Amino acid sequence: MRKVFFFLLLAWGVMAVTVTAQPLQIEVFDVTQSKVVKTVPLDEKTKSEALKLVKSTNALYPKLNPTPKTGFMLKVPLEPEENIDTIVLKQTVKQVIFIFPEGEKPYLLIFNEKEQPMFYYFSEDFTEFLEMLGIKR
């Protein structure tokens, strides 16, 4: 079950959907329900808040299994791509998936140049970002 879920997570993260004349969307994925439960248009303010979180990456996620059992994830597309240069992350980022497991510190997922998943902790406060999206934690 975990392998299937992780595969779906990776497919969801890699999958690019091109829609003409539609604003980019932030997708809220409920882990327990295994589905997208909300979409929010990506505007400059939410993109800026998401980038603050990404730019605060400070450590690799150490656990072997990064798939949470409960909580939610936010998939944020970044168009145009953003160059990120932190202590642990130096690359161009097309999208980021923020993972908010219940009862644990949140972390994020970024696919590297070879489309391999890389998980990182971030240090910036995420409260304002979640409030902008209308999400309560």
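A few comments on the model shown:
- Taking a ≥ b ≥ c as the square roots of the eigenvalues of the Cα gyration tensor, segment 32-137 is classed as rounded, since a/c falls below 1.5.
- Between Ile135 and Ala59, the modelled label-to-label distance comes to 2.2 nm, taking each label 7 Å out from Cα in the direction of the beta carbon.
- Residue-normalised accessible area of segment 18-137, expressed per residue, 1.4 Å probe, Å²: 56
- Two-decimal Rg to Rh for segment 63-103 - Kirkwood Rh, Cα set: 1.06
- Pair Glu128, Glu44: separation of 7 Å Cα→Cβ label points (nm): 1.6
The values are calculated or read from the model by the stated rules, or taken from the named source; none is laboratory data. Not measured: the values here are computed from a predicted model. Counting neighbours? That spans all protein chains shown, and the Cβs are built from the backbone with ideal geometry, glycine included. Note: accessible area is taken over every heavy atom of the protein model, side chains too, but ligands, DNA and RNA are not part of it. Shrake-Rupley method; radii C 1.70, N 1.55, O 1.52, S 1.80 Å.
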